[in-house]
Amino acid sequence: MTSNTRVVVIGAGLAGVRLARRLGELGTPVTLIGEEEHRPYNRVLLAEVLAGRYSPEVIALPAPAQLTRARVTGIDREARTVACADGSKIAYDTLVLATGSNPVLPPLRGLFSPDHVLPEGVHAFRTMDDCLGLSKQVRPGVKAVVIGGGLLGVSAARALAQRGAQVVLAQQGERLMERQLDPSASKLVQRHLKNLGVEIHTECRVRDVRVVGGAVRSVEMSDGYALDADLVVLACGVHPRAGLASNAGLEIRKGIVVDDELRTSDPHIHAIGDCAQHDGVLYGLATPALEQADALAELLAGRTNARYTGTRSLTRLTLTGAHSPFDLAAFGETEPRPGDDVVQLTDATRGTYRKVVVRDDRLVGGVLVGELGTVGALARAWEGAEPLPDDGPLLHLLTNDGGS
Ligand SMILES: Cc1cc2nc3c(=O)[nH]c(=O)nc-3n(C[C@H](O)[C@H](O)[C@H](O)COP(=O)(O)OP(=O)(O)OC[C@H]3O[C@@H](n4cnc5c(N)ncnc54)[C@H](O)[C@@H]3O)c2cc1C
């Protein structure tokens, strides 16, 4: 690639900003286009802003020099230009889609209005605007219902409880954070939220939200029970934001399909972060988004042997608080298959739980709650996929922090 090749990146989130910064360091100028009004920020820390622990400025990302504030509405692959909502056009030689995800809105009648605006009091939890909107409405005693008990719902419920709201969390599944945690770890998360005053309903389907005069009043369960609500948070998952790519005729499956060079079906267009599907996997997590940005920066700066081959990433949730810090980490397969070895340590008094799953002589997954001293050593053993040393009992995996 020559130094005057025009690289245009759509999306100033974690992946787009990282790519722009890395390319800047490598001497390749970039035009970064972002639609959000705020300075680019670290989305992972939004719950800390909602909890009142950080101000929005604290979670700002180092601003890249060339940031254009605009929403891209179309890609002309033949002319190699992108069109923006303000009528402007930007030409590219190489285009990168880093458009992230959209929140999934559950199909509830009360949520939909002809102008596609959510009723007053109902918020998704994806952007700084969502977070500031929620923050404005939350006060001690306010009745909040969080719909969804995954990572997002748990973070939102905890943050709202810390601000003094009366929070009810409605989870359709059997337990909290089912994707990441095994049943014992889920129970500890549940206990932690209950201690903060959060009321939790599992196996509970929401049928509708009742709206009066444009504002939410209650949330109706499928058994007819209604929960009063001044505030509702929709934390029902995300789906990749692939509309631009799909309208431009790029290959889409679950997300925008990319190869090991993070190239889409058009060799002039790449995709990274939540919107990209690599080797069949949609990650939806921060570490893979950053690793993809780093690999693509190397490639676009001319290091032609750079490749992205996937991320074995740990999910880590740190729920800090003056009186109740709560840490958890999970990776790989947390439920054993027949024949696997499982090592488990539980301390009910301290609320800690540690478990690893070993298959043949390899670590295939684990979950740690409350006591993360060994997380560095375990992550290294898992990420490296090396055979485990056979010089001691497996219990060492949970008790020896390996100097991390
Ligand atoms: C509250 C919350 C907590 C989270 N916690 C964790 C966590 O603990 N651990 C973890 O690993 N992950 C977590 N995540 C997920 C993590 O934030 C994402 O995986 C990560 O942000 C993905 O980065 P990205 O750059 O692909 O997308 P994003 O950060 O979403 O950025 C995409 C950007 O592109 C912009 N954009 C999209 N389309 C256009 C367009 N047409 N024109 C202009 N701009 C456009 C969007 O406005 C957005 O700013 C959390 C997410 C949320 C919302």
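Bear in mind that the values in this text are calculations on the coordinates, not laboratory data. This structure is a prediction, so every number in the text was calculated from the model and none was measured. Note: ideal-geometry Cβ built from the backbone for every residue, glycine included; neighbour counts use all protein chains shown.
Assorted remarks:
- Using the Cβ-Cβ distance between Glu174 and Gln66 with R0 set to 51 Å, the FRET efficiency from 1/(1 + (r/R0)^6) comes to roughly 0.60.
- Note on the range 105-236: Kirkwood hydrodynamic radius from all Cα pairs is 14.7 Å, rounded to one decimal.
- Note on Lys136: lysines with a C-alpha under 25 Å away, same-chain residues under 8 apart excluded, are Lys194.
- Kirkwood Rh (inverse of mean 1/r, distinct Cα pairs), the chain, angstrom: 22.8 Å
- Computed FRET value (nearest 0.05) for Arg337 with Asp93, which takes r as the C-beta separation and R₀ as 41 Å: 0.25
- Rg of the Cα atoms in the range 140-194, relative to 2.2 N^0.38 Å, amounts to 1.08.
- Of all complete DSSP H helices in the chain, those with a Cα span along the helix axis of 20 Å or greater and a mean Kyte-Doolittle hydropathy of 0.5 or more are 286-300.
- Using equal-weight Cα scatterers in the Debye expression, the normalised intensity of the range 13-79 in log10 at q = 0.17, 0.20, 0.23, 0.24 Å⁻¹ is -0.69, -0.87, -1.02, -1.06.
- In the range 226-346, one over the average inverse separation of all distinct C-alpha pairs is 17.5 Å, which is the Kirkwood hydrodynamic radius.
- Candidates His38, His201, His116, ranked by Gaussian network fluctuation over the chain, Cα under 10 Å, top entry: His116
- Stretched out straight at 0.36 nm per residue, the stretch from Leu45 to Glu203 would grow longer than its current Cα-Cα span by 54.0 nm.
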